[in-house]
1. With every protein chain kept in place and ligands, DNA and RNA left out, what is the accessible area per residue of the chain? Probe 1.4 Å, answer in Å².
2. Counting alpha carbon pairs within less than 8 Å and at least 6 residues apart, what relative contact order, in whole percent, applies to the stretch 25-92?
3. What does the charge count near Gly107 come to, summing +1 for each Lys or Arg and -1 for each Asp or Glu among other residues with Cβ under 12 Å from its Cβ?
4. Any idea how far apart Met167 and Ser118 come out in nm if each label point goes 7 Å out from Cα toward Cβ?
5. Specify the angular offset, from 0 to 90 degrees and rounded to the nearest 10, of the alpha carbon long axis of helix 64-91 from the longest principal axis of the alpha carbons in the chain.
6. Averaging over every viewing direction, what projected area does the convex hull of the Cα atoms of the chain cover, in nm²?
7. Taking all protein chains as present, what is the carbon and sulfur share of the accessible area of the chain, in % to the nearest whole number, probe 1.4 Å?
8. Where the only charges are on Cβ atoms (+1 Lys, Arg; -1 Asp, Glu), what is the dipole of the stretch 1-150 about its Cα centre, to the nearest 20 debye?
Amino acid sequence: MAKNSGVNGQLHEWFIAKDCPPSVAHVALTTVAIVASYLIARLFRLQEAYWAPTSAIIVVQSTLTAALPVSMQYVAGTAVGAAMGAATEIYFPGSVWACGAAIFAIGLICVVLRIERSAFRYASITLVIVMLVPRSTSARLVALHRFFEVSIGIAVGLALFTMWQKMDLRTSPGVTQTSPVR
């Protein structure tokens, strides 16, 4: 049988999992992480609690060994972006030009310190949210909330990921004891 070529074949290659299909365990882990992180963020009365489950998804969508470095890059990038966004917003409120300059400055710092691109990406996303999304509250408060919302999602995702692995609830066929939950 000939290999399916053309657009349909390319789409098949892009979407059909070969190496890392989701399992029922992974779906359950993701669902619990999303719900738990959102409820915890709401418990702390964070205005944009949806950032907690968004962060949890990023953590649980990788293997456990990859989740910790990604999580640390996400926390560090969010902290830098929040701090730079809050500081820049004091002098240049709502300025897209100041936002661009601040992102460029963060990028240069990342280049000099050889920081991972993902940390730069998270810093840039946070900075844009802090500076360019119109709100009635101060940018400093938005920055602080963003850091806590993201941190809650990461903490919940890592905690559940770790507990899940320890409980060894892998339900997909063919998963061995040494395979990560996917």
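The values are calculated or read from the model by the stated rules, or taken from the named source; none is laboratory data. The structure presented is a predicted model; accordingly, all values stated were derived computationally and were not measured. So basically every Cβ, Gly included, is an ideal-geometry build from the backbone, and we count neighbours across all protein chains shown. Please note that ligands, DNA and RNA were not included when accessible areas were found on the heavy atoms of the full protein model with its side chains. Shrake-Rupley method; radii C 1.70, N 1.55, O 1.52, S 1.80 Å.
1. Details: 11070 Å² over 182 residues.
Per-residue value: 61 Å².
2. On the way: 31 pairs, mean separation 17.8, N = 68.
Rounded, it is 26 percent for the stretch 25-92.
3. Numbers: positive: Arg117, Arg121; negative: none.
My count for the surroundings of Gly107 gives +2.
4. 2.4
5. 20
6. Numbers: hull surface 56.0 nm².
Computing the convex hull of the Cα atoms and averaging its projections yields 14.0 nm².
7. Values: 7630 of 11070 Å².
Heavy-atom surface of the chain belonging to carbon and sulfur, 1.4 Å probe: 69 percent.
8. On the way: 10 positive and 6 negative charges, 18 e Å.
Roughly 80 debye, rounded to the nearest 20.
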